[in-house]
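Just so it is clear, none of the values below were taken in a lab; they were calculated from the coordinates. Computed from a prediction, not measured in an experiment: that's the story for all the values here. Here the Cβ positions follow ideal geometry from the backbone for every residue, glycine too, while neighbour counts run over all protein chains shown.
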Amino acid sequence: MYLDSGIQELSKIGPVFARKFEKIGIKSVRDLFYHVPTRYVDYSQILPISKLSPGQTVTIHAKINSIKNIYSRRGLKMQIGSVSDNSGKITVLWFNQPFLIKTLYPGRSVSLSGKVSFFGKQKCLTSPDYEILTDEEKPTVHTGRLVPIYSETSGLSSKWIRTKIKEAYQSIEKIDDYLPKNTLEKEKLIDLNSAIYKVHFPKNLREMEVGRERLAFDELLNLHLKSLYRKNTWKKNKLTAKLPINKTSINQFIKNLPFVLTNSQMNAIDEVLDDMSKPTPMNRLLEGDVGSGKTVIATVGAFATFLNGFQSVIMAPTQILAEQHYQTFKTLLAPFNIRISLITSGIKKIELGRSDIFIGTHALIHQKINFDKVAFVVIDEQHRFGVEQRAHLVKKSGTPHVLTMTATPIPRTIALTTYGDLDLSILKEMPKGRQKITTWVVPEQKRSDAYEWIKKQIKEGGSQIFIVCPLIEDSDIETLSDVKSVTSEFEKLKKIFSKQRLGLLHGRLKSNEKDKILNGFRNHQIDILVTTPVVEVGIDIPNASVILIEAAERFGLAGLHQLRGRVGRGDKKSYCLLFSNFHSGNAYRRLKAMETYHSGFELAELDLKMRGPGEIFGTAQSGFPELKIASWGNIELIKRSRELAEDVVKNPKKYPNLSPKLETG
Ligand code: ADP
Ligand code: MG
């Protein structure tokens, strides 16, 4: 047996169990070894029966004297037994395991681990873990040591996993280390064989930590190698067109903008234009808080592409955002006689005619555009499908330069691993004059006060208000029940705000209905827009100055921050009201952080520490990897493994056991 052997080579693992293992990502013996325990119970103290005192967690080695099934007065089936060693005897009790008497019959030697308690007035072991002692010399697996507990999913018990890991470890011929000796020495890591042993069969917790660090390093190294491999593959793609940059015209364009660019924006533009003039396709991620001004950077790229006689494509996640981009592009590029098309579901392929810039949703664009002359593509606000979107753009005829833009503040550690294949530009500063949005966590009993306050904001300040209801289920798409719930909230609010004009927006509306509502809000025919969160983050309505978010604890902090960014876009003092039933504990503390922190990056780092990446980026399906062994908080290990990965790519010969893996990605 080898690390690469399939799990089915172990005894008693047929297709059924193999499928269960596969569900938790375990296909090979290697995967099994990297399936680390979630915790350990300390059964390492082995004592003679006479020395036991109640409250202790111990292991005894004893002989079964008697055992039988009995019924308690409440009808509970119990297994009661008596066991003894040279020093004395003790009662043992289990519940609801009538089959036990078949395995643990009188005369058998057993190792029992559990907590000592009382049964009536006698000392007793209740529901101990057990294993048969066939040979006193053989080390025990489930008792008498620091026993690893594995997460139990898909009907795989911790005990079963433990047994299989032991079998695999005993049957494997040799565990070849991927890392050469001198690397291990330099990184102060132990060899793979010892690491696997120490994690699954530790003598003590300190030893386990050392083993775990090695496996964590491997996990991160693997992520880095994959992303670096993706990066190399991308760079090898044939470019649609090299786009030499006409500095004079670009500078003219920048000068004519209705605002002065921030330094961050200038830097990002330089990086993008620099990429565009290279002979390899750009693959860059532009990260910037909501409102930091990403669109204008895409516009400059599209303008540079136009100057070279090629086309650009701007992909937005929703039709509403596509329309907004269309307006922005038209305004900013007005002086240059550039043909810009908005692609809607109604438009036909032929009607598109010849255009310089296409703007639409991902879906529509892929259906309707011939990419032959497209040399620059922008993917906006789409962290979830970015990878797939980019893969679609690789064509034999040529691959365009790709700029992915996101308002999701991706913490450094994640950018280094999962997004390691992308070059990164970050907009660190906001345009001048942006105000902080005053944020309050509002308890339920202040709800009616808050409503009165909102009425005043509308009446006296001419403000417009967003009210956001969360999705009911943990998913990215709106379900029918989400629509029902936002609709019933809307009916309730109509009664409370009887003198105000309300609009309802959710993802199940037809696109012309959406447009009507949204335009109504934009033109101030609506005071309060009641909406689900899927309806777009990037929307720009300068007169909206209050956003109220229901059940705020159900959002990640980065998500809340994005929602909050819908207000504060004009010159009105703006507010964010977070409603929540939580008045203490972790959920409450997280929300309170929204009152003090106003940078998406800080909030994302905070949430990463408190809850992990799945939560930051919305739901569990967000496509971000959960680390199984390493932790996102271990920046040092993430950096070290990144440096090693870079060296592996640069000097593959130094790592003979590692580079073949790299080839397969
Ligand atoms: P986001 O990064 O969220 O996509 P946008 O590109 O939509 O942000 O920009 C938000 C608003 O800020 C727009 O109205 C845009 O015209 C404006 N804007 C962009 N850059 C600047 C700047 N340097 N100074 C002032 N306003 C700017
Ligand atoms: Mg935007």
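Overview of results
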item: Cβ crowding within 10 Å averaged over residues, with 140-147, 213-220 ranked highest first; result: 213-220, 140-147
item: Rounded if a/c under 1.5, otherwise prolate or oblate - the stretch 212-259, Cα gyration tensor axes; result: oblate
item: Chain lengthening between Thr134 and Ser66 when straightened (0.36 nm per residue, less Cα-Cα); result: 22.6 nm
item: The chain - percent relative contact order, Cα under 8 Å, separation 6 or more; result: 12 percent
item: Signed unit charges on C-beta, dipole axis of the chain, positive-most listed residue His524, Ser584, Asn657; result: Ser584
item: R0 of 30 Å, Cβ-Cβ distance Phe99-Glu626: FRET efficiency to nearest 0.05; result: 0.25
item: Relative contact order [Cα under 8 Å, 6+ residues apart], the stretch 226-348, whole percent; result: 25 percent
item: Tyr43 long-range amide H proximity, modeled H, under 5 Å; result: Arg145, Leu146, Val147
item: Among Ile165, Leu47, Leu427 the positive-end extreme of the charge dipole of the chain (Cβ point charges); result: Leu47
item: Calculated diffusion of the chain, Stokes-Einstein form, Kirkwood radius summed over Cα pairs, 10 °C and 1.306 mPa s, µm²/s; result: 54 µm²/s
item: Residues Asp449, Asp540, Asp191, sorted so that the one with the fewest Cβ neighbours within 10 Å comes first; result: Asp449, Asp191, Asp540
item: Inter-label distance for Thr479 and Ile496, nm, one decimal - labels placed 7 Å from Cα along Cα-to-Cβ; result: 2.5 nm
item: Expected 222 nm ellipticity per residue - DSSP helices of 4 or more, -39500 (n - 2.57), all of the chain, to 500; result: -11500 deg cm²/dmol
item: Share antiparallel - DSSP beta bridges, the chain, percent rounded to 5; result: 40 percent
item: Cα-based Rg and Dmax for the stretch 296-433, where Dmax is the largest Cα-Cα distance (Å); result: 15.1, 47
item: Globularity index of the stretch 90-140, i.e. its alpha-carbon radius of gyration over 2.2 N^0.38 Å; result: 1.21
item: Contact order relative to length of the stretch 1-49, as percent, for alpha carbon pairs under 8 angstrom and 6 or more apart; result: 36 percent
item: Size of charge dipole - the chain - debye, nearest 20, with Cβ of Lys, Arg +1 and Asp, Glu -1, no other charges; result: 880 debye
item: Unit charges on C-beta of K, R, D, E only; dipole of the stretch 131-209, Debye; result: 180 debye
item: Whole-number Å³ per residue for the convex hull built on Cα positions in the stretch 437-569; result: 108 Å³
item: Cα→Cβ-extended label distance, 7 Å offset, between Thr280 and Ile80, nm; result: 7.5 nm
item: Extension gain (nm, one decimal) between Phe582 and Ser154, 0.36 nm per residue minus Cα-Cα; result: 150.8 nm
